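Here the structure is laid out as structure tokens; the discussion comes afterwards.
The values are calculated or read from the model by the stated rules, or taken from the named source; none is laboratory data. This one's a predicted model, so the numbers in the text were calculated from it and none came from an experiment. Here the Cβ is made from the backbone with ideal geometry for all residues, glycine too, and neighbour counts use every protein chain on show. Surface areas here come from the heavy atoms of the whole protein model, side chains and all, with no ligands, DNA or RNA. Shrake-Rupley method; radii C 1.70, N 1.55, O 1.52, S 1.80 Å.
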Amino acid sequence: MGKGRLEAFSDGVMAIIITIMVLEMKAPVKHGLKDLIPVWPVFVNYIMSFIYVGIYWNNHHHMFHVVRSINGTILWANLHLLFWLSMVPFVTEWMGQSRFSDPWPIALYGVVLLMAGIAYSILVMVLIQHEGKNSTLATALGKDWKGKSSVVIYCIAIALSCVNSYISFGLYVFVACMWFIPDRRIEKKLVEQGTE
């Protein structure tokens, strides 16, 4: 099966997710700069979630650039990832409204990030299984320590949300920093093969 429709659908869903997040941000009723102070947690959280969705979009694009074809299992694995990403606007709004002071919104935000990370790993596994262990994707990603360490950090952040929500949020920022630049392993592999 061709991969074009999957890529187009995924791009559209991620664009809608970002749009929903920005529409959930409400402007203050008054127009002074001091009126923006109460909404800073919502804005900071929007930035974080926008970056996360952008990270997934970037890496999804890179990954599918080297994939030749797809099958039904890949379609479902991709939908699984999109499902968890579609939960980001809900947890973003809840965490922003809590002003980072309540542990449950922070923990649920982490659960959604964790599940999206696991879903992405599953997508990678089924793609490698379809493409083969010697495929460009498989050799580029190797053992994928970056992906595995992200899942571990999410688990730690979720557990720490009851202790200190700011530490949890800091760990979410840390993982975002790890992934901010699109996965260079795939780009390097394409350069090595002379197919970029």
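Quick look at the values:
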{"read-out": "Those residues of the range 93-122 which are surrounded by 22 or more Cβ atoms within 10 Å (Cβ to Cβ), closer than 15 Å to Trp76 by Cα and of a type outside the set (Gly, Ala, Ser), in sequence order", "value": "Tyr120"}
{"read-out": "Positions within the range 56-92 being open to solvent by 10 Å² or more (accessible area, probe 1.4 Å), closer than 16 Å to Leu141 by Cα and in a helix (DSSP H, G or I), in sequence order", "value": "Tyr56, Asn58, His61, His62, His65"}
{"read-out": "Positions within the range 111-156 being touching a residue at least 12 places away in the same chain (Cβ under 8 Å) and either touching a Pro at 6+ places or on another chain (Cβ under 7 Å) or aromatic (Phe, Trp, Tyr) (or both), in sequence order", "value": "Tyr120, Tyr154"}
{"read-out": "Qualifying helices (runs of 4 or more DSSP H) (wholly inside the range 98-186; at least 2 residues being at pLDDT 90 or above)", "value": "103-131, 145-160, 165-179"}
{"read-out": "Given (1) farther than 23 Å from Met21 by Cβ; (2) open to solvent by 70 Å² or more (accessible area, probe 1.4 Å); (3) not aromatic (Phe, Trp, Tyr), number of the condition Cys155 does not satisfy", "value": "(2)"}
{"read-out": "Whichever residue in the range 29-55 is of a type in the set (Gly, Ala, Ser) and at pLDDT 90 or above and, among such residues, is surrounded by the fewest Cβ atoms within 10 Å (Cβ to Cβ)", "value": "Gly54"}
{"read-out": "Residues (farther than 30 Å from Phe43 by Cβ and either assigned to a loop (DSSP other than H, G, I, E, B) or open to solvent by 50 Å² or more (accessible area, probe 1.4 Å) (or both)) located in the range 1-28", "value": "Met1, Gly2, Lys3, Arg5, Ala8"}
{"read-out": "Any hit, the range 22-44, residues being within 16 Å of the chain's Cα centre (by Cα) and touching a residue at least 60 places away in the same chain (Cβ under 8 Å)", "value": "no"}
